[in-house]
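A short write-up of the structure that comes next.
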């Protein structure tokens, strides 16, 4: 149970209904500043694979995103597919629009740091990513201001 001790000071566990209430009242701009400044998903991926982000393959990054979201238990379902020139990631959840925004912010920060081109779309219950295999900037951000 080594991971329990390591994440003990980073996790706060409470009921999903309570989490939804907290998310409904979250300051998304402050969260964006946190995500851009600290990029916690990047560190989660690096910890998971025990190597720097730039040494991970894109497939490892995609699988790391899925693993991270599953570990957080913040989605009702998540899946990805390799669609030739890009990966598609589909996430559904029941935690409201702010959760969708937070998922987009976190994953876009990670993928931007990795240097791949992506598109994102979201709604109150769903988030969709198209992550291109060729390097490049964020093609379309569902959240304005992230690509500053």
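Odds and ends about this structure:
- In the stretch 67-90, the residues that are surrounded by 12 or more Cβ atoms within 10 Å (Cβ to Cβ), outside any helix (DSSP H, G or I) and in contact with a strand residue (DSSP E or B) (Cβ under 7 Å, 6 or more places away or on another chain): 75, 76, 78, 80, 86, 87, 88, 89, 90
- Pair list, Cβ < 7 Å and 6+ apart or interchain, from the stretch 104-131 residues that are at positive phi and in contact (Cβ under 8 Å) with a residue 12 or more places away in the chain to residues that are part of a strand (DSSP E or B) and surrounded by fewer than 19 Cβ atoms within 10 Å (Cβ to Cβ): 115/135
- Residue 94, sole failed condition from (1) at pLDDT below 95; (2) crowded, with 19+ Cβ neighbours inside 10 Å: (2)
- Total residues in the stretch 29-54, condition touching a residue at least 40 places away in the same chain (Cβ under 8 Å), more than 13 Å from residue 108 (Cβ to Cβ) and touching a helix residue (DSSP H, G or I) at 6+ places or on another chain (Cβ under 6 Å): 2
- If the condition is being touching a helix residue (DSSP H, G or I) at 6+ places or on another chain (Cβ under 7 Å) and surrounded by fewer than 19 Cβ atoms within 10 Å (Cβ to Cβ), then the stretch 97-120 contributes 98, 113, 114.
- Enumeration of residues in the stretch 48-66 that are assigned to a helix (DSSP H, G or I) and exposed (fewer than 14 other Cβ atoms within 10 Å of the Cβ): 54, 55, 59
- Check on residue 100, in a loop (DSSP other than H, G, I, E, B), closer than 22 Å to residue 13 by Cα and in contact with a strand residue (DSSP E or B) (Cβ under 8 Å, 6 or more places away or on another chain): no
The values are calculated or read from the model by the stated rules, or taken from the named source; none is laboratory data. Predicted, not measured: the structure shown is a model, and the values here were computed from it. Virtual Cβ from ideal backbone geometry, glycine too; neighbours counted across all protein chains shown.
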